[in-house]
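Following: one structure in structure tokens, then a few remarks.
The values are calculated or read from the model by the stated rules, or taken from the named source; none is laboratory data. Treat the numbers as computed from the prediction; the structure is a model and nothing was measured. Positions of Cβ are generated from backbone atoms using ideal geometry, with glycine treated the same way; all protein chains shown enter the neighbour counts.
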Amino acid sequence: MKLYFSAGQLAHQPKQYMVHGKLIHAFENNDRALALLDALAGAGLYPLEPVNHGLAPILSVHSDHYIDFLQTAHSEFMKLPNAGPEVLPNVHAYVGSSPSLVPRGKPRPTGIVGRSGWYVGDLSAVIMEGTWQSALVSAHTAISAAEAILGGDFAAFALCRPPGHHAYVDRASGFCFLNNAAIAAERLRSRYARVAVLDFDTHHGDGTQAIFYARDDVFFGSVHTDPSSYYPHYLGYADEKGAGKGTGYNLNRPLSFGADDAVFIDANRDIIGAALKFGAEAIVISAGWDAHHKDPLSKLNVTTDAYARIGALYGQIDLPTVIVQEGGYSLEAIAESVLSFTQAFRAAKGV
């Protein structure tokens with residue numbers, strides 16, 4: 001099984017992260033990637049440099065005007081009088097029950113403050129000088145893993161950093177700027193009629209759900225912490241089934257605070273079964289390790305053993321699979337979890 005990662009993904013080095021009204025040091029940092037690399041070496045995986053596939057695969061998922069914003073946001077923001085070191089919007093657009101009030105598409109403001117409030121959904125998606133470079137290379141990491149599948153491999157691991165599953169078509173949120181899993185799934189769609197994205201990060205993949213919610217060619221299944229009092233708060237509920245021709249192709253399994261290994265594993269079985277019933281021909285796994293009880297953001301009681309057990313479950317799926325790295329913020333927990341999952345996955349799949 002090939003592993004893809006580039007040192008270019010380390011250029012994003014945010015210094016700020018807003019939690020409960022306080023700016024603290026960013027949880028999503030380079031130490032995560034380095035810890036994951038070390039752990040995966042223990043599983044016999046060493047990184048290959050991703051190929052630059054240009055912007056076309058990214059634009060198959062994201063709006064061109066959003067990409068323009070990401071490329072220029074930091075330099076424009078720095079021109080503001082008394083600008084801080086990073087892009088942190090102090091306004092946000094309202095898009096709710098009266099969409100005519102704020103029509104979707106390209107935002108009407110041309111100033112960087114208004115545009116930042118349109119394109120950045122929360123104060124964890126901090127943009128600094130190296131953010132675009134890292135996000136771009138992270139997306140190419142996912143694309144390269146998908147290309148390995150299209151080239152005949154049966155499994156590939158994209159160590160994406162920054163992560164991606166909270167990124168929408170035209171919005172950055174939750175440490176995420178480009179939706180790596182969605183981009184990989186879209187690339188796999190060039191060959192496979194039906195693709196499933198299965199997400200077991202402790203935070204619901206709201207961006208991925210939104211991207212595919214009205215489609216019948218990509219199934220989205222997610223196991224995550226109940227969002228009623230947990231990020232991302234506004235999506236991830238069990239009654240969200242899809243819309244239009246996508247009705248029935250979205251499955252959320254929100255877990256109550258304190259859920260243990262057995263509940264977590266059973267919920268993963270549920271979304272795997274639904275993906276197979278859907279008729280998926282290829283799988284993208286959004287793999288986060290932050291359900292682990294040692295993670296600073298976790299509200300669950302999931303142990304390292306659970307990741308070994310779901311690794312075997314996903315490895316037993318007889319379909320080509322791209323693993324895309326998402327969250328996980330305890331260096332100890334992510335090292336244990338990714339190693340246990342990957343060893344079990346490779347043993348079950350024989351890669």
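When the residues of region 160-184 are filtered to those that are among the aromatic types (F, W, Y) and buried (at least 24 other Cβ atoms within 10 Å of the Cβ), which remaining residue is nearest to I58 (Cα to Cα)? Break it down into steps so the answer makes sense when it comes.
Filtering region 160-184 down to residues among the aromatic types (F, W, Y) leaves 168, 175, 177.
Imposing the further condition that a residue be buried (at least 24 other Cβ atoms within 10 Å of the Cβ) reduces the set to 175, 177.
Details: F175: 18, F177: 11 Å.
Residue satisfying both the conditions and the ranking: F177.
V19 passes every criterion in (1) modelled with pLDDT of 95 or more; (2) of a type outside the set (S, T, Y); (3) surrounded by fewer than 18 Cβ atoms within 10 Å (Cβ to Cβ) apart from (1). Hey, does region 108-123 have a residue that's buried (at least 21 other Cβ atoms within 10 Å of the Cβ), in contact with a Cys (Cβ under 9 Å, 6 or more places away or on another chain), small (G, A, S) and more than 23 Å from L37 (Cβ to Cβ)? No: zero hits.
Yes or no: V322 within 20 Å of the chain's Cα centre (by Cα), buried (at least 21 other Cβ atoms within 10 Å of the Cβ) and not in a helix (DSSP H, G or I)?
Numbers: within 20 Å of the chain's Cα centre (by Cα): yes; buried (at least 21 other Cβ atoms within 10 Å of the Cβ): yes; not in a helix (DSSP H, G or I): yes.
The answer is yes for V322.
Of the residues D239, D295, the single one that is without any contact (Cβ under 8 Å) to a residue 12 or more places away in the chain, more than 27 Å from F154 (Cβ to Cβ) and in a loop (DSSP other than H, G, I, E, B) is D239.
Got at least one residue in region 308-316 being under 29 Å from K349 (Cα atoms), touching a residue at least 24 places away in the same chain (Cβ under 8 Å), in a loop (DSSP other than H, G, I, E, B) and out of contact with any Cys (no Cβ under 9 Å at 6 or more places or on another chain)? Yes.
On the basis of being β-branched (V, I, T) and buried (at least 21 other Cβ atoms within 10 Å of the Cβ), does V351 make the cut?
Values: β-branched (V, I, T): yes; buried (at least 21 other Cβ atoms within 10 Å of the Cβ): no.
So V351 fails the test.
Considering I149, I67, I143, the condition of being touching a helix residue (DSSP H, G or I) at 6+ places or on another chain (Cβ under 6 Å), surrounded by 13 or more Cβ atoms within 10 Å (Cβ to Cβ) and not in a loop (DSSP other than H, G, I, E, B) is satisfied by I143 alone.
Per-residue answers, yes or no, for (1) modelled with pLDDT of 95 or more; (2) assigned to a helix (DSSP H, G or I); (3) under 13 Å from S138 (Cα atoms); (4) of a type outside the set (A, V, I, L, M, F, W, C):
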residue: L23; (1), (2), (3), (4): no, no, no, no
residue: F27; (1), (2), (3), (4): no, no, no, no
residue: D31; (1), (2), (3), (4): yes, yes, no, yes
residue: L40; (1), (2), (3), (4): yes, yes, no, no
residue: G54; (1), (2), (3), (4): yes, no, yes, yes
residue: H62; (1), (2), (3), (4): yes, no, no, yes
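For the residues L313, L297, the requirement of being more than 22 Å from Q209 (Cα to Cα), surrounded by fewer than 23 Cβ atoms within 10 Å (Cβ to Cβ) and either touching an Asp or Glu at 6+ places or on another chain (Cβ under 8 Å) or not acidic (D, E) (or both) singles out L313. Regarding region 193-210, can at least one residue be identified that is modelled with pLDDT of 95 or more, within 16 Å of F264 (Cβ to Cβ) and assigned to a strand (DSSP E or B)? Yes, region 193-210 contains at least one residue that is modelled with pLDDT of 95 or more, within 16 Å of F264 (Cβ to Cβ) and assigned to a strand (DSSP E or B).
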